[in-house]
Each structure stands twice: as structure tokens, then as C-alpha cells.
Amino acid sequence: MKKRFYRIIISIILFSIGIIFKLNDFKILFFSFLLLSYITVGYDIFYLAFTNIKRKQLFDENFLMSIASLGAICIGEITEGVFVLIFYQIGEFFQDKAVDKSRKNIASLMDIEAESANLIEDGKIIKKNPEDLKIGEMILIKPGERIPIDSVIISGESRIDTSSLTGENIPRKVLKGDEILSGTINLNNIIKAKVIKNYEDSTVSKVLELVESASDRKSKSEKFITKFAKIYTPIVVIVASIIAIFGLFFTKDGFYDYLYRALSFLVISCPCAFVISVPLSFFGGVGGASKRGVLVKGSNFLEELSKVSTIAFDKTGTLTKGVFKVKEISNINISKKDFLKYISYAESGSNHPIAKSILKYSNIEIDTKYIENFEEIAGFGIKAKVFGKEVIIGNEKLLKKENIDFKEEKLKSVIYMAIDKNYTGFLEIDDEIKEDSINTLKELKKLGIKKLIMLTGDEKNSAERIANKLGIDEVYYKLLPQDKVKIIEKLIDNKNDKEKIAFVGDGINDAPSLALSDIGISMGNVGSDAAIEASDVVLMDDELKKIVTAIKISKNTVRIAKENSLFAIFVKFLILILSALGLTSMWAAIFADVGVTIIATLNSFRTLKTEKF
């Protein structure tokens, strides 16, 4: 980009000296300096045109510019020939500048990787590559250092800067027992942490993979523009040839005039504004979204996001905090101590938020040698052998499936337990709605989302209570993962071609629905690896309001891309017609090509400005 800038400056200086010689009637010096200016600014264009001809890629902008400028010199219009290339290079410079700025926004995420980690081994600190760390190893993280790998704090407390992942500028306080994500920065104090993931499965590695593949997926608009340019360019070259031939054979003494028209036609026809401005808009949109903590896996998904009409939400961990609290233990026919012991041992093998809440409530130290045959049944519950007895924990569907006699409770959220096929009681749990859920759903309605749907495995009473608080349009309850998939399939079958269905989830059981929906949106901070992998858009924290941000950015990006393409088409076709009729000069042609490209490129910069969203 610097070389292009210097060539433009040198060429303008040479051109200006040539004009001074012309004013003083030094024609040879005038022509010499303009020719030097022409070669300086155009040699790379000629080289690329020649290279592409050898590759049988004849009709590109370099070929058009070369023919048009050489033609102008041949008919004695060297001033216009030089200006064609100078302005073309200025347009290319602005495009490079815009692409570079977009890349820097996305590439800023590439700086989240820590260069080394402080491994604690036999009381000593050893510098180690984060990729070589193993699960269970202890690391020391000093103030100002990036967290090298996903870990859990075992001693110390500090504040963590998560802005590189989430876009959130307010540091987050972390204490002993809290999970910390790789790529974030420790701000205050020394903390010791235990590695909980291999490097290839950690947050920083996943984010970098997604960023690297994001630019490979083109939107429908980009694909259309590319196809359009391939058809459009040969047609205008043929039309320009017809104009020149018409002047040669069918007019008297008019060949010069018609050749000038044909050359102007070639300059105008250059598809730069089409080919560059639309992809640049989407590239900028993806970069702008990444600055706000929204990782879009490709410009195609950014475009699809603007068309979403229905959003289906998983409840737990998405609309609610997913931090359950045990409210009450009821109808137990064994001692409370034994009830908590059996349920805690059986739940200890699960990572589900409900299991964690039960273990936190009971505060029982688990000895895994007393647990056998652990089985987690998605959407139902858990079966395990604890202290030699078969323990069944879950919803009413699981107990009915196991033919256990019990009384079904119509409370908020209930977990039943049976030991050796005998019902022993239940505990009631509660989950809080996230602070931003209600406002987020209201904002989504304002953005034109027609229908908001909640999918949950909860009981009817609990599901409807939360749905009513949130203002949800439809709620489906008592769902297994496969039931969620069937609902998404039904929504997709019943929509029209212009509408898109989005699904928002965070758990491993949401992965099939995320993959099936037109747009899968996952929570990157609290979400499972499977959910993040299956989704198309990743919110790098658990703030639901980032969905509003993502949709606003997508709509803004699509609007700017349309502005660019419509403006370019209108101006080009208007001046193409005027040029063919001989009503414009080469200067109008230069504006129709380079001027339109520069204006469209500058307009694309607006996609990077996402602070208002």
C-alpha cells in the first residue's frame, strides 16, 4: 500500500512538471514528463493485465485500464490517458486502506494468544508454550499477563479484562473457584489456576479458528456481484468495439470521435465499484461486529441475520442465568441427610447447572469410588449406582419410563429421586431470569422480529410463568433435544423464502438445533464447545443484548452494501449511455469509474462504525 501511495505522488509530481512545460510551450518536455508519469503510475497495471491474459483472464479492470489509457495516447489525448491511471490508482489506494482497516479490526482478535505460560512445577516457575500445557497442571498468572489457557482459579482474586473477547470494557472480578478464559488479561493480582482444557479446545484456539475461516464464506450479494461482473465486462468490451467499428465503416471522418467514445466506454465499464465495494461492506461489518464481541463466521451469515423473522430461544443459560438454587426438599421418606447424600453422589458426574446447584447446596465431599455405572440421559436425568444401590434422578418422564410409582408435583421445577425403584422424594429448584432478557426481547420486537419462541424441558407451569414474564409469543415445554429439532424443522418448513429462522442456545444438547436453523447463535462465554462449533454467530459473553447488536450491525451492513451497488449501477449506466451517444468526455468516464469507486469505498467505512449499536 505504501508503494502505491509513493507511485501516485511521484506520478502527480511528474505530471505537474509536464503541465508547466506545456504552459511554456515546451511540447517535447511536456510529452516526456507525462510519459514518465504514465509509466510510473501504470507499470503494475500493465504487468497484471499481461499476466492475466496469459492465464486467460482477459476481461478484468487492469486490461480495461491498459487499453483505454493506451488508446487515449494513440489519439493524442495523453493528458487524459495519464489521468485515467492516476485516478484509478487513487481508487485502488482507498480500497486497500479500507480493507486494511477492516483486517485490523478482525486481526486485533489474533493478538489474544499468550506467547507463554508460567507453569508451577515442584515449587518453581517454568516458562512453557501454552500448547504444551496439560489438564490438571498449575499455572501462575501475573498482573498484566494474558491468560494462556482456559483454567479455574485455585488461589487469589483479581480483575479480568475481557474486552478482547466480549467487547465489554468493564473489568470482571474473579475469585477462587471461578473459571477464566484464555485470551483475557489479568489486571490486578497474582493468581494461581488449574488448567481445565487442552489448548486446542480452549477459547482462544476456537476463536482464532473461527476468525481465520470467517472471510472464506461469501454472502449471496457478493456471489451475485462476482457473477454479474464476469458477464457484464465482456459485454461492455464488445459494445465498445462495435462503437469503434461503427465509426470506422459507417461515418465519414468520424473515426476519431467514435474511437474516443469507445475508449471512454471502456473506462466507465470497469467493474471495480461493483467487485470491491460490496464485499468490502460485508468485510467491514464482520470486523465491526468482532469489535463488539460478536463473532460472525462469515459474511453470508451476516447477510442472513438481517432477514431473521423468528427467533427460538433455549431457556436455561440463555434467557435465564442457568444458576439454579435448591429452594425446598419435600415428600422425602428417608432422612434429609441420606437424601442429599444419594442425590449429590449421583449428580457429581454431571456438568449440568442443576447438578452443580445440588452439589453446592449439599456441600458434601464426594468419594468417586462409591459411584458406578453413571449414565446421563439427555432430557430425562441420571441413573447411577451409589453405595451399591440404583439411584434414579430426573423429571417425571424418567420415573414413568422406569415404572416407578410416585405423585407428580405441579410446582415450578422439580427433580425427583428414586432408590432401588422406590420413590424417595423430590427437591424444588428455581432459576432466575437474566437482567437483560426482558429488554432484549422488547428491542428485538422493535427491530421487526415477528415471533419470539422459548423451548425448554421444564414443566408447563414453570415454562409458562417465565414465558409470561419475558413476553414470549410461543412456549414449548417438556422438550427433549430431538423435540427441539422437530420444532425448528417445522418452523423452517412453514416460513417463506425471504424469512430466516434463528435459534439461540448454549448447551451441548442445543447443538443439533443450532446446526439446523438458518442462523445458529451461541453463547461463547458459558456455551459448550459443541454449541459454539455448530453455531454461525458466537456471542463472546453471555449477554443476550448482543443479539440486538448483531442484528443492527447486519441490517446496517446490508443497507450500505445496497447503497453502494445501486449508486454504482445508476451512475455507470447513465454515463455509459451518454458516452455511447458522444455526450460526455473522458473526464466523466474517469468519475464514473474511479469517482464512484472512491465514494462507494468511503461509504463502506461506515460498516466499521458500530459504537452506536
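The values are calculated or read from the model by the stated rules, or taken from the named source; none is laboratory data. A quick note: this is a predicted structure, and the numbers were derived from the prediction, not measured. Don't worry about glycine lacking a Cβ; one is built from the backbone with ideal geometry, like all the others, and counts go over all protein chains shown. Note: areas computed on protein heavy atoms with side chains; ligands, DNA, RNA excluded. Shrake-Rupley method; radii C 1.70, N 1.55, O 1.52, S 1.80 Å.
Before moving on, here are some points about what is shown:
- Screening V391 with (1) open to solvent by 50 Å² or more (accessible area, probe 1.4 Å); (2) closer than 13 Å to I415 by Cβ; (3) hydrophobic (A, V, I, L, M, F, W, C) gives one miss only, at (1).
- Taken together, the residues in segment 209-242 that are surrounded by 15 or more Cβ atoms within 10 Å (Cβ to Cβ), farther than 19 Å from S565 by Cα and modelled with pLDDT under 75 amount to 5.
- Filter pass, A378 being within 40 Å of the chain's Cα centre (by Cα), open to solvent by 10 Å² or more (accessible area, probe 1.4 Å) and in contact (Cβ under 8 Å) with a residue 24 or more places away in the chain: yes
Table: residues versus (1) within 30 Å of I78 (Cβ to Cβ); (2) of a type in the set (S, T, Y).
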{"position": "N496", "(1), (2)": "no, no"}
{"position": "F503", "(1), (2)": "no, no"}
{"position": "N509", "(1), (2)": "no, no"}
{"position": "S517", "(1), (2)": "no, yes"}
{"position": "S535", "(1), (2)": "no, yes"}
{"position": "I547", "(1), (2)": "no, no"}
{"position": "I553", "(1), (2)": "no, no"}
{"position": "T584", "(1), (2)": "yes, yes"}
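Residues checked against (1) at pLDDT below 85; (2) touching a helix residue (DSSP H, G or I) at 6+ places or on another chain (Cβ under 9 Å):
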position	(1), (2)
S437	no, yes
D458	yes, yes
E474	no, yes
D483	no, no
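- Cross-chain or 6+ apart pairs with Cβ under 7 Å, segment 23-36 first and hydrophobic (A, V, I, L, M, F, W, C), then open to solvent by 70 Å² or more (accessible area, probe 1.4 Å) and part of a helix (DSSP H, G or I): F30/K22
- Enumeration of residues in segment 1-58 that are open to solvent by less than 70 Å² (accessible area, probe 1.4 Å) and not in a helix (DSSP H, G or I): L58
- K291 being basic (K, R), modelled with pLDDT of 70 or more and either within 30 Å of K307 (Cβ to Cβ) or buried (at least 21 other Cβ atoms within 10 Å of the Cβ) (or both): yes
- Sole residue being of a type in the set (D, E, K, R) and in contact (Cβ under 8 Å) with a residue 60 or more places away in the chain, chosen from E489, E499: E499
- Among residues of segment 328-337, those that are closer than 18 Å to D431 by Cβ and either touching a Lys or Arg at 6+ places or on another chain (Cβ under 8 Å) or buried (at least 23 other Cβ atoms within 10 Å of the Cβ) (or both), counted: 1
- Close Cβ contacts (under 7 Å, 6 or more residues apart or on different chains) running from residues in segment 132-154 that are over 11 Å from G183 (Cα atoms) to residues that are open to solvent by 60 Å² or more (accessible area, probe 1.4 Å) and of a type in the set (S, T, N, Q) comprise P143/N188; P143/N189.
- Screening P143 with (1) more than 30 Å from V296 (Cα to Cα); (2) at pLDDT below 85 gives one miss only, at (2).
- Selection status of E563, free of Cβ contacts under 8 Å to residues at least 60 places away in the same chain and touching a helix residue (DSSP H, G or I) at 6+ places or on another chain (Cβ under 7 Å): yes
- All positions within segment 343-372 that are within 41 Å of the chain's Cα centre (by Cα) and surrounded by fewer than 15 Cβ atoms within 10 Å (Cβ to Cβ): N351, K360, N363
- Within segment 169-204, the set of residues being part of a helix (DSSP H, G or I), crowded, with 16+ Cβ neighbours inside 10 Å and not β-branched (V, I, T) comprises Y199 only.
- The single condition among (1) modelled with pLDDT of 90 or more; (2) under 26 Å from the mean Cα position of the chain (by Cα); (3) surrounded by fewer than 19 Cβ atoms within 10 Å (Cβ to Cβ) that K498 does not meet is (1).
- Scanning segment 420-434 for residues that are at pLDDT 90 or above, of a type outside the set (D, E, K, R) and open to solvent by 20 Å² or more (accessible area, probe 1.4 Å) yields N422, Y423.
- Yes/no for S277 being open to solvent by less than 10 Å² (accessible area, probe 1.4 Å), under 30 Å from G520 (Cβ atoms), out of contact with any Phe, Trp or Tyr (no Cβ under 6 Å at 6 or more places or on another chain) and at pLDDT below 75: yes
- Considering residues of segment 558-613 that are of a type in the set (S, T, N, Q) and assigned to a loop (DSSP other than H, G, I, E, B) only, the residue surrounded by the most Cβ atoms within 10 Å (Cβ to Cβ): T610
- Of all residues making up segment 121-137, the number that are part of a strand (DSSP E or B) and surrounded by fewer than 16 Cβ atoms within 10 Å (Cβ to Cβ): 5
- I415 being touching a strand residue (DSSP E or B) at 6+ places or on another chain (Cβ under 6 Å), within 30 Å of K500 (Cβ to Cβ) and among the hydrophobic types (A, V, I, L, M, F, W, C): no
- Residue match in segment 477-485 (condition: open to solvent by 10 Å² or more (accessible area, probe 1.4 Å), in contact (Cβ under 8 Å) with a residue 24 or more places away in the chain, on the phi > 0 side of the Ramachandran plot and basic (K, R)): yes
- Picking from residues in segment 37-55 that are closer than 13 Å to G81 by Cβ and touching a residue at least 24 places away in the same chain (Cβ under 8 Å), the one that is nearest to the chain's Cα centre (by Cα) is I45.
- Residues of segment 438-450 satisfying the condition of being surrounded by fewer than 16 Cβ atoms within 10 Å (Cβ to Cβ) and either part of a loop (DSSP other than H, G, I, E, B) or of a type in the set (G, A, S) (or both): L447, G448, K450
- Criterion applied to I28, I17 was being at pLDDT below 90 and of a type in the set (A, V, I, L, M), and the one residue passing it is I28.
- Residue among L302, L340 that is part of a helix (DSSP H, G or I) and open to solvent by less than 10 Å² (accessible area, probe 1.4 Å): L302
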